[in-house]
Amino acid sequence: MKKILFGATVLLLLPGVTACCDDDKKSDEPAQPAEVKLVTPNVSARIADPLNQNPFTGILEIYPCYPETSTYYGNYINNKKTVFNGYYTIVDGHIYGEYNRPLQLPVGTYNMVYWGTPKYDEPIYNTPAINEPGITQDADLSTLYFRLRANTDGTYMPVYDLVHAVKPANVGQEDLQAALTRVTAGIRIIAKMEDNSEFSLSITGIQARIGGIAEKMNFYTAEVENTTKVVKFDLERSDDNTVMSNATVMLFPSAENPPLELVITLANGTEHTLSKNLSSTLSPNTKLTLNIVLGEILSGETPGDFSIEDWNEVSETIEFPIIN
C-alpha cells in the first residue's frame, strides 16, 4: 500500500501529468525563487605549532557564521539551507574518503568556526565523553558551550581532544585553510614501586582524581569557565605487574596548580587517599606526564610517598607520611 501511494505521489509531481489541472492557477501563483548558486570549497587543515606546521588527521567540523559575527549561518544540502554543519574526515591535512558532509554555500564572506578531534598513533583514553550544545540556525555560537559529562558520584569524565580555530573565508575565491590550535590538556600517569618491584596484591586498584578542571568551554572562543570540577580515571596494571598507568587522558584546562588525589583501594575493601597540588598547570596545548614512585607499603595498607616529574623535565617531589 505504501509503495502504491508513493508511486502515485511521484506521478503527480512529474511535469505534464498535472499540467491539465494547473493551467487555470498559473496566473495566480507567485514566481518560484531562482535556484541558489552554491560553491563547495576545498578544505585543508594543520595543527598550529610555533616550530612546525603539522598536517591534521582526524575529524573536522566547520560552522559557517555570518561575516564578522558568531551567528550561525547554516549549510546547504540538496539546494536547501539546513542546520547541518560541514563534516570531514581529514588525513594528512586533506579531505579523505566518501563519508563527508561538505559545505555548500553561496558565494560570499563567512566567519568560519572550526572544531576538530585529532587521531593519534599512540594510545589515548578510550572512553571520553562530553556534552555538546544543540546548534540551530541563527544561533549565537558565543552563547553555547561544550560541558563536562558527570559521573554519578559528583565527579566528571575525561573529554575528547579538541582543536579549534576561527577564521574568515571568502567562499568562491579561496579554499578553506585551517590552522588548528589544541584547546585541551593531556595527562598521563605512570606509577611504579620505589624499588621497581611488582605491585603488592594488596593493592587492587588506583584511581586518579584531578581537581580544578573547567566545567565548560565556549563554543566560539574556546575559553573555559568555572575551574572547580574533579575528573577521575583509573590506572591499569601492566602485564608484568610493575607499572600502573593510563593512556593519555584529555581534560579541559585547569586552574593553577590543580590538586591531584590518588585513591588506592586495597584487597580488604579499604581506601586510602594521597593528595597534593601539582606544581604544573594543565594549560591548553600541554601534555603532562606524571612519573609516580610509590614508597614501601606498611601493614599492608598504603604507600608512603610518591614523586612527580612532568614532561618538559621540570621535576617536583611530593612526600607523604607513611601510614601504618
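Just so it is clear, none of the values below were taken in a lab; they were calculated from the coordinates. Keep in mind that this is a model prediction, so the values were computed, not measured. Here Cβ is always computed from backbone atoms with ideal geometry, including for glycine, and neighbour counts include all displayed protein chains.
Tell me, what HN-Hα J-couplings in whole Hz come from the Karplus equation 6.51 cos²θ - 1.76 cosθ + 1.60 at θ = phi - 60° for each residue of region 285-294, using x for Gly and Pro?
6, 10, 10, 10, 10, 9, 9, 9, 10, 8
Is the C-alpha gyration tensor of region 39-109 telling us rounded, prolate or oblate? Criteria: a/c under 1.5 is rounded; beyond that, a/b larger than b/c is prolate, otherwise oblate.
Judged from the Cα gyration tensor, region 39-109 comes out oblate (a/c at least 1.5, b/c at or above a/b).
Any of Lys192/Lys229; Lys192/Lys276; Lys232/Lys287; Lys232/Lys276 with alpha carbons more than 20 Å apart? Name them for me.
From the list (Lys192/Lys229; Lys192/Lys276; Lys232/Lys287; Lys232/Lys276), the Cα-Cα distance tops 20 Å for Lys192/Lys229.
Contour minus end-to-end for Ser200 and Thr228, with contour as 0.36 nm per residue of separation and end-to-end as the Cα-Cα distance?
Computed gain between Ser200 and Thr228 is 6.7 nm.
Separation between the Thr69 and Asp240 pseudo-spin-labels, each 7 Å from Cα along Cα→Cβ, expressed in nm?
With each label placed 7 Å out from Cα toward Cβ, I get 6.2 nm.
According to a simple spin-label model (label point 7 Å from Cα along Cα-to-Cβ), what is the distance in nm between Asn268 and Val36?
Calculated label separation equals 7.0 nm.
Subtract the Cα-Cα distance of Thr117 and Ala129 from 0.36 nm times their separation in residues, and report this length gain in nm to one decimal.
3.1 nm
Only sites in a loop by DSSP and with at most 14 other Cβ atoms within 10 Å count here; which GluC sites (Glu not before Pro) in region 34-131 make the cut?
Glu35, Glu68, Glu98
Once you put a point 7 Å from the Cα of Thr89 and another 7 Å from the Cα of Arg149, both along the Cβ direction, what distance in nm separates them?
Spacing of the two 7 Å Cα→Cβ label points: 2.2 nm.
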